[in-house]
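Everything below concerns the one structure shown next.
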Amino acid sequence: MVSSVIPVHTFDLVIFGATGDLAHRKIFPSLYRRLAVGQMPADARIIGAARSKMSRTEFRKSVSDALQKYIGAAKLDADVLDTFLACLDYVAIDAKGTGGWSVLGKKLDEREDAVRAFYLSVAPSLFSEIAQRLYDAGIATPSSRIVIEKPLGHDLASAQELNSALSRCFDEHQIYRIDHYLGKETVQNLMAIRFANALFEPLWNSRYVEHVQITVAETVGVNGRGAYYDASGAMRDMVQNHLMQLLCLTAMEPPSRFEPDAVRDEKLKIIRALDPLTLGDTVRGQYRAAGKEGSYLDHVGDPQSKTESFVAIRAHISNWRWSGTPFYLRTGKKLSGRLSEIVVTFRHPPHTIFPQVEQQKGNALIIRLQPDEGITMRVTIKDPGPGGMRLVEVPMDMTFADALGGHGDGMPEAYERLIMDVIRGDQTLFMRGDEVEAAWAWVDPIIQIWKDSGSRPLPYDPGSGGPIESYKLTGSDGHLWREITV
Ligand code: NAP
């Protein structure tokens with residue numbers, strides 16, 4: 001099964017921060033791959049912008065080097081690479097200065113029929129300023145698009161400030177807020193599984209779903225990003241955006257149409273239906289030292305830090321569908337595996353006719369975002385062969401990474417899909433401003449409660465599943481976290 005590729009309209013994509021890590025590691029490789037499969041037109045223009053002074057040739061060389069590094073020289077096609085590099089241009093612009101904007105404007109004015117998009121791959125402190133300068137210089141037209149990525153604020157007040165600064169220059173339908181989790185094939189498949197099949201939706205409620213677990217686990221620590229992370233923590237860095245987006249997609253009502261605002265309205269309703277969190281609904285952790293590896297406190301260089309490198313949450317959604325079904329969220333660094341998954345655990349049958357058989361774990365739908373994107377249904381069947389009625393749990397595997405082909409090393413990167421969606425003008429997989437604000441409005445109070453409590457995050461061993469108290473959180477409800485193993 002090979003997915004069909006529909007070319008997008010030609011475009012001019014300006015990448016602010018084109019010399020940075022995100023651009024080199026994700027954005028250019030994604031665009032290269034879209035060109036290679038025929039989705040990006042060969043006459044598209046990608047205009048890099050950053051403060052560094054460099055010629056177009058030097059810029060092309062830097063992007064070529066990045067592609068060699070992040071895609072791998074053996075996987076690059078010489079003709080596609082030449083075509084790709086020919087699409088690149090560069091303008092030196094300091095987001096805080098006045099130089100360079102008119103040069104950029106002139107380049108863009110050369111073709112008015114191309115889709116115009118600005119990708120702000122720069123520090124968030126520059127988002128508002130760049131938006132304002134694009135607007136003031138007349139470079140941002142009513143149909144052009146602006147793309148930004150987390151962190152989208154630090155709390156509700158700063159998110160509101162950012163939204164209102166952007167809205168002075170761009171209409172909401174022009175603003176694309178990336179959460180790259182939403183670009184993953186499996187996340188969209190979650191919607192397909194739920195809304196394109198009659199099988200699951202009748203069971204998708206508290207009557208049949210016992211609980212839901214959403215885990216985003218990392219094996220790495222905060223090394224290298226200590227200062228940034230310590231000012232943020234797991235709640236702001238991961239829960240407010242990625243985990244809450246996954247929660248929304250799992251729990252939302254079926255939208256009436258698969259259209260951006262219809263989907264985002266339903267997601268927003270879930271966030272607004274979340275009960276406020278209490279101290280007893282959360283467990284915070286900080287990883288300890290192990291061997292020669294320092295602790296979280298060593299890595300951030302502050303022995304007094306109370307920032308959490310792990311958080312587990314028990315969330316309740318107060319609506320007809322979900323009342324009585326806890327949603328457990330968990331994310332952390334230095335855990336026993338690197339994985340992102342949603343596990344929907346169904347209730348046991350109301351009556352068992354196999355009394356001689358030990359209690360089974362029950363049905364579960366496991367939606368895995370990484371690694372090995374795919375969906376597995378855990379079902380109970382008879383253990384084949386003679387020997388009486390023994391039951392066994394087996395996974396029904398719907399892994400589709402191989403089946404879909406993609407670019408030969410798995411499925412298209414989330415960024416590939418998302419950037420093409422920006423060009424197509426499809427906001428379905430992007431967060432709306434009010435969603436971001438509602439998510440902050442849910443996490444802000446518990447962060448304040450933690451602060452007011454004066455308590456410290458609980459220590460946990462690197463390579464573990466987090467503090468033991470997180471197991472007590474689910475255990476007190478009679479539930480067990482799925483092991484973090486990869
Ligand atoms: P980075 O490596 O530090 O790159 C920053 C880029 O911004 C550079 O190209 C830099 O080039 C440019 N820049 C800095 N100040 C500028 C100014 N005043 N005017 C114009 N350009 C300026 O950062 P990054 O890791 O790519 O991250 C970029 C953004 O993406 C950040 O908001 C980050 O939080 C977000 N993000 C990154 C990742 C990731 O994997 N890296 C993932 C998710 C989100 P010059 O120095 O030449 O100006």
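The angle between the Cα long axis of helix 156-167 and the main principal axis of the chain comes to about 40°, on a 0 to 90 degree scale.
For the residues 451, 292, what sequence is obtained by ranking on other C-beta atoms within 10 Å, fewest first?
Values: 451 10, 292 5.
Arranged by neighbour count, lowest to highest, 451, 292 become 292, 451.
Label positions at residue 207 and residue 261, each projected 7 Å from the Cα along the C-beta direction, are separated by 3.3 nm.
Chymotrypsin sites (Phe, Trp or Tyr not before Pro) within region 286-348: which are DSSP loop residues with at most 12 other Cβ atoms inside 10 Å?
Loop-located and lightly packed - 320.
When 248, 169 are sorted by how many other C-beta atoms sit within 10 angstrom of their C-beta, beginning with the fewest, the order is 169, 248. Among 125, 470, the order by Cβ neighbours within 10 angstrom, fewest to most, reads 125, 470. Using the average count of surrounding beta-carbon atoms within 10 Å as a protection proxy, the listed peptides 196-203, 221-228 rank, highest first, as 221-228, 196-203. Estimated at 0.36 nm per residue, the fully extended path between residue 306 and residue 65 surpasses their Cα-Cα distance by 82.7 nm. For residue 306, the aspartates and glutamates whose Cα comes closer than 20 Å to its Cα, not counting residues fewer than 8 places off in the same chain, are 155, 218, 230, 237, 281, 293, 298, 444, 452, 461, 469.
Overall size of the chain from C-alpha positions, given as principal axis extents largest first: 77, 54, 48 Å.
Between the Cα long axis of helix 127-136 and the first principal axis of the chain there is an angle of about 40°, rounded to the nearest 10. Cross-link check: pairs 26/61; 61/184; 269/333; 26/107; 150/333; 26/267 evaluated at a Cα-Cα cut-off of 22 Å; pairs beyond the cut-off: 61/184; 269/333; 26/107; 26/267. The angle separating the long axis of helix 414-424 from the principal Cα axis of greatest extent in the chain is about 50 degrees. Exposed loop sites are taken as GluC sites (Glu not before Pro) in a DSSP loop (any state but H, G, I, E or B) with at most 14 other beta carbon atoms within 10 Å; the longest stretch of the chain without one runs 113-357.
Give, in nm to one decimal, the length gained when the segment between residue 398 and residue 173 is fully stretched (0.36 nm per residue of separation minus the Cα-Cα distance).
Numbers: separation 225, 0.36 × 225 = 81.00 nm, distance 3.48 nm.
Here the segment from residue 398 to residue 173 would lengthen by 77.5 nm.
Distance from the alpha carbon centroid of region 53-93 to that of region 420-478 works out to 38 angstrom.
Based on DSSP H runs of at least 4 residues, each adding -39500 (n - 2.57), what is the mean residue ellipticity at 222 nm of the chain after dividing by all its residues, to the nearest 500 deg cm²/dmol? My calculation for the chain gives -9000 deg cm²/dmol from helical runs alone. Think of each Lys and Arg Cβ as +1 and each Asp and Glu Cβ as -1; about the Cα centre, that makes the dipole of the chain roughly 520 debye. The packing ranking, built from the mean of other Cβ atoms within 10 Å per residue, places the peptides 113-123, 9-19 in the order 9-19, 113-123, highest first.
Only the coordinates and a few stated rules stand behind these numbers; no lab work does. All of these numbers come straight from a predicted model, not from anything done at the bench. Glycine gets a Cβ as well: all are built from the backbone with ideal geometry, and neighbour counts include every protein chain shown.
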